[in-house]
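What follows is a set of notes on a single structure, which appears directly below.
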Amino acid sequence: MLSVENLVVSVRRGPEIVRDVSFEIAPGEILGLVGESGSGKSMTSLALMGLLSPGIDITGGAVRLDGTDITHLQPHQRVARNCGKVAMIFQEPMTSLNPVLRIREQLEEAINVHDPRAGPERARELLDMVRIPDAGHQLNAYPHELSGGMRQRVMIAIALACRPQVLIADEPTTALDVTVQRQVLGLIRELCDSLHMGVLFITHDLGVVAQLADRVAVMYAGKLCERADVGPLFRAPLHPYTNGLLACLPDPESGNAAFETIPGAAPRPGAIPEGCPFSPRCNRAQETCRSGPVPEAHGPERQVAVCHFPVRQEAPA
Amino acid sequence: MRQVLMMLPTSAIRRPITALGVLFLVVIVIFAAASPWIAPYPPDVMDPVNRLLPPGGDHLMGTDHFGRDTFSRVVFGARLALLIGVGVVAFALGTGVPIGVLSALFPALGRVLMRMVDVLMSFPSLLLALGLIVILGQGVFNAILAIGLIYLTTTARIVYGVALRLKAEPYVEAARSAGAGTWWIVTRHILPNMISPLLVQASFVFAFAQLGAASLDFLGLGAPPEIPSWGNMLAESRIYITRASWLLLWPGLMIVLTAFSLNLVGDALRDRMDPRFREMVRR
Amino acid sequence: MSRYVIRRTGAAIMTLIAASIVIFAFIHLIPGDPVYVMLGDGATPEQVAALRDRLGLDEPLVMQYLIWAGNALRGDLGVSIFFETPVTQVIAEGAETSILLASVTMVWIILIGVPVGILAAIRQGTLIDQGLSGLAMLAASLPTFWVGLYLILIFAAGLGWFPSSGYPSIFEEGGLVNLRYLVLPSLALAAPNAALILRLTRASMLDVAREDYIRTARAKGIRPTRVVLRHILRNALLAVVSAFGFTFAALISEAVVTETVFALPGIGRTVVQSILRRDYPVIQGVILITVCLYLVINLIVDLSYRYLDPRVELE
Ligand SMILES: Nc1ncnc2c1ncn2[C@@H]1O[C@H](COP(=O)(O)OP(=O)(O)OP(=O)(O)O)[C@@H](O)[C@H]1O
Ligand SMILES: [Mg+2]
């Protein structure tokens, strides 16, 4: 169980990029994290990994994995302390593998750290797990000899070599074409179930979330504005922002691709409005929204939104 | 352009050593502009009684083997340093920019021109300069040409790279498809965006021109011996290194500090430059 | 032989041919009759006639070039006016000094430039980095001959640790003893070049450190030193190694000044003396040989790249 409690990430001598974010991921569960570009999704995931670049720090809150505090530990420190592991795959499979090392070398490096007693067949086993055909041959390939989809599978294999409790996937399929994308998503779901591994799945794409995730967290301007199980969230969003995002999706029933958009643009870190950060763009906003703390509104089945005036849809007759 | 120049003060404050570099360059310019008023003696008046005097007294930096005042010669030397620097930069940019831009605009011509640049680059730089001096003969103007030829090649390559990238920019493509003429594109889109890489390149070329000119002077193949250039001063006092080592200290320091200051300025400019082009102007 | 090897070699040969045309033109660009340019003013009519005949000076220019290039290919670069011996022999006499000097200098450059560059990169932004980068910039602004003169003053004339000038051939004084003669010149020559390699090493380390695959490596949980050595350094050195080639070739020409300061009997000093003696065939020969050297070294660097960087073969 990964639990993130009131996480704050800030640029040194600069703005807060992630503000007071809390969520949990249970084993075998996929949490979809959605939000506009720049809302702080990648920063959140790098903070969980202990991979924030120099100059950006976790300045509040905690990250716990099965009860152990791993907040300020970098990956190698987590290995040294023998605590639970979080692994990550990235958006760009093209640039995420070292161009001058063979797949085998990059894979074995991770195996040696996390599974020092594993035999030489472990690397093959991992490639088989991620469904790479002809694994024995591919082990000796260089990254540039593989396609994007294959590289992303290798990235997943490397992540699995760490035997992680939680896998973070930061837009892992954005750079892939649609069919490959579907295969990789299927693989992630399957591994999550079979290895009983938690997954934090980051994406812009609500459609993907609806298919893949068990639960969803919606991020806006560094904060989570709504958390819910997939079903309730898509059926009856509470937060006006989530509502707006869903309205932007093409509606398969009416068949018309709605080009509705939310007016205005997301605020940059450092220029985030008082009160509810969404209030300037929100058609439900009132004076109370523009200052002071915003209360949580609860819906059915663990659904939570941070909003004064949540959307309460009447149950359709 | 204004943008690039405006960021100089801010980066100078951030790095005090860069500010000192700028200050030193200002001093050099003042030395060059006002040499007759700053120098206490004419640079070429000999005084056999007061030969090889150590620094101090009437002669701030001592005197050389003819009894000439070293400080005065150092002040007048700034003139030649600036002349060489400006001349080499003007030649390198004046030839390198058209070659690079034309090569980028007309690929067929570019293949030929850049091939020629490659050929020139296969000559070791100092030998290329020396070869040209052999053909042209010795002299300040020829030294400028010879050193300028070395930096023609690097400048042309940089300009070519930058221009190719700019040519592929969406707004340039858009202007092209809207029917904008080549001349319009060059003057409106390519040259203005090239100013900051060129400014960086100019400061590095200026710096290395000082070192190149000093080498030519030292070998006796640069400025004629009667001209008080820093390199000539070093060449003449070379044999007095053990008896009067300060004679070599001042002109040498002037060369080092001038080149160092220009490198600092170039580096500060580059740090603030468009990161896409930063790779191209290295060294 | 892959296509890559053939293509690179072909390009190098094309460049060499073009460069040789420029070098051939050199003698004809010097004001005066090429025969007198090559023989000097004191030539006898028989000598003049013989050279005219040998170079085919009455033929069209293209034929003259072909004759000259053919002679060069057979190792005949003409005769030195001053020594009246073959140019190849004059160059060979300086080769030992020049190649040893460049090699020793290269050792300094690699020993100083690369590790210090790595250190500056690892300590990026700290006082150590700023100090080292500043020093490198200063060193890159040093005229080698000036440094050389002060090295002589301090370590030769003052402390007497090293000889101040000259260089006896290995065959005369033998062993490592004569390397002592090269310590000061190589240090002077190394200073600015080591600084450039330092800056290049630092910059490419920092470039690579920003790559996505470095983040992947760190995410695996391997130790930071291993990330630096196996992932960052290995990739960063690709750029640095290719600069070694350029640098070595450039050293042969930059040594012109250093060899003059330290009175080393190398190719560089031969060039300077030949310029003063108007011994043009020697100058021409040296330029041709250094251009060849530059092209060969770069070709070797290019080709060895295939073993260092697996991506190259695809292109
Ligand atoms: N080094 C930095 N210094 C200051 N701000 C930064 C830095 N790096 C990122 N940011 C800011 O942090 C915010 C969050 O960035 P992040 O990469 O987490 O967004 P994201 O939600 O992952 O977006 P995307 O969907 O485009 O990947 C952005 O607004 C970005 O401008
Ligand atoms: Mg992101």
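Every number in this text was worked out from the coordinates using simple rules, so none of it is lab data. From a predicted model like this one, the values you see are computed outputs, not experimental measurements. With ideal geometry, Cβ positions are generated from the backbone for all residues, glycine too; neighbour counts draw on all protein chains shown.
Details
- Overall form of region A:77-120 per C-alpha gyration tensor (a/c, 1.5; a/b vs b/c): oblate
- Think of chain B as having a plus end and a minus end, set by charges on the Cβ of Lys, Arg, Asp and Glu; of B:170, B:230, B:22, B:170 sits farthest toward the positive end of this dipole.
- For the residue pairs A:85/A:223; A:223/C:220; B:167/C:220, alpha carbon separations beyond 30 Å are given by B:167/C:220.
- q = 0.14, 0.23, 0.28, 0.31 Å⁻¹: log10 I(q)/I(0) that the Debye formula gives for region C:173-218, counting C-alpha atoms only: -0.57, -0.81, -0.92, -0.98
- Peptides C:55-61, B:121-127 ranked from most to least packed, by the mean per-residue count of other Cβ atoms within 10 Å: B:121-127, C:55-61.
- Stretching the chain fully between residue A:24 and residue A:174 yields a gain of 51.5 nm (0.36 nm per residue, less the alpha carbon separation).
- Radius, Kirkwood style, for region C:74-184 when every pair of distinct Cα atoms is counted (Å): 17.2
- Equivalent ellipsoid semi-axes, chain B, via Cα gyration tensor eigenvalues times 5, rooted, Å: 41, 22, 13
- Taking the convex hull of the alpha carbon positions in region A:105-148 and averaging its projected area over all directions gives 3.2 nm².
- Spatial separation of Cα centroids for region A:146-168 and region C:73-135, in angstrom: 46
- Going by neighbour counts of Cβ atoms within 10 Å, the residues A:9, C:116, B:27 line up, fewest first, as B:27, C:116, A:9.
- By the count of other C-beta atoms within 10 Å, a proxy for reagent exposure, C:63, B:273 are ordered fewest to most as C:63, B:273.
- Using only the C-alpha atoms, the convex hull of the protein assembly as shown corresponds to 231 Å³ per residue.
- Taking every residue in B:213-221 and counting other chain Cβ atoms within 10 Å of its Cβ, the average works out to 5.
- Taking the fewest neighbouring Cβ atoms within 10 Å as the starting point, the ordered list for A:276, A:289, A:248 is A:248, A:289, A:276.
- Rounded Å value of the spacing that divides the Cα centres of region A:217-241 and region B:175-242: 61
- On a per residue basis, the convex hull of the C-alpha atoms belonging to region C:96-301 measures out at 145 Å³.
- Of the residues C:290, C:239, C:301, the one whose Cα sits farthest toward the positive end of the charge dipole of region C:222-315, with +1 on the Cβ of Lys and Arg and -1 on the Cβ of Asp and Glu, is C:239.
- Euclidean distance of C-alpha centroids, region C:43-65 and region C:262-315, integer Å: 28
- Rounded if a/c under 1.5, otherwise prolate or oblate - region C:224-308, Cα gyration tensor axes: oblate
- Whole-number D in µm²/s for region C:1-106 (Stokes-Einstein; Kirkwood sum over Cα pairs; 25 °C, 0.890 mPa s): 152
- In the protein assembly as shown, the DSSP-assigned H stretches of four residues or longer account for a calculated mean residue ellipticity at 222 nm of -18500 deg cm²/dmol, using -39500 (n - 2.57) per stretch and the full residue count as denominator.
- Here, region A:80-174 has an Rg and a Dmax of 12.6, 36 Å when only alpha carbons are counted.
- Against chain B, whose longest principal axis is taken from its Cα atoms, helix B:16-33 shows a tilt of about 70°.
- In this label model, residue A:193 and residue A:312 are separated by 3.8 nm, measuring between points 7 Å along each Cα→Cβ vector.
- In this Cβ point-charge picture (+1 for Lys and Arg, -1 for Asp and Glu), region B:126-274 has a dipole of about 240 debye about its Cα centre.
- Rounded to the nearest 20 debye, dipole of region C:96-301 from Cβ charges on Lys, Arg, Asp, Glu: 940
- FRET efficiency estimate (nearest 0.05) - Cβ-Cβ, residue C:135 to residue A:68, R0 41 angstrom: 0.35
- Chain A - convex hull of the alpha-carbon atoms, volume per residue in Å³: 146
- Of the residues C:112, C:98, C:209, the one whose Cα sits farthest toward the positive end of the charge dipole of region C:96-301, with +1 on the Cβ of Lys and Arg and -1 on the Cβ of Asp and Glu, is C:209.
- Averaged over A:95-103, number of beta-carbon atoms from partner chains that fall within 10 Å: 6
- Assuming charge only on the beta carbon of Lys and Arg (+1) and of Asp and Glu (-1), the dipole of the protein assembly as shown about its Cα centre is about 960 debye to the nearest 20.
- Debye intensity ratio I(q)/I(0), log10, region A:1-159, q values 0.14, 0.17 Å⁻¹ (C-alpha model): -0.82, -1.10
- Two-site FRET efficiency, residue A:290 against residue B:184, from Cβ-Cβ distance with R₀ of 56 Å, rounded to 0.05: 0.65
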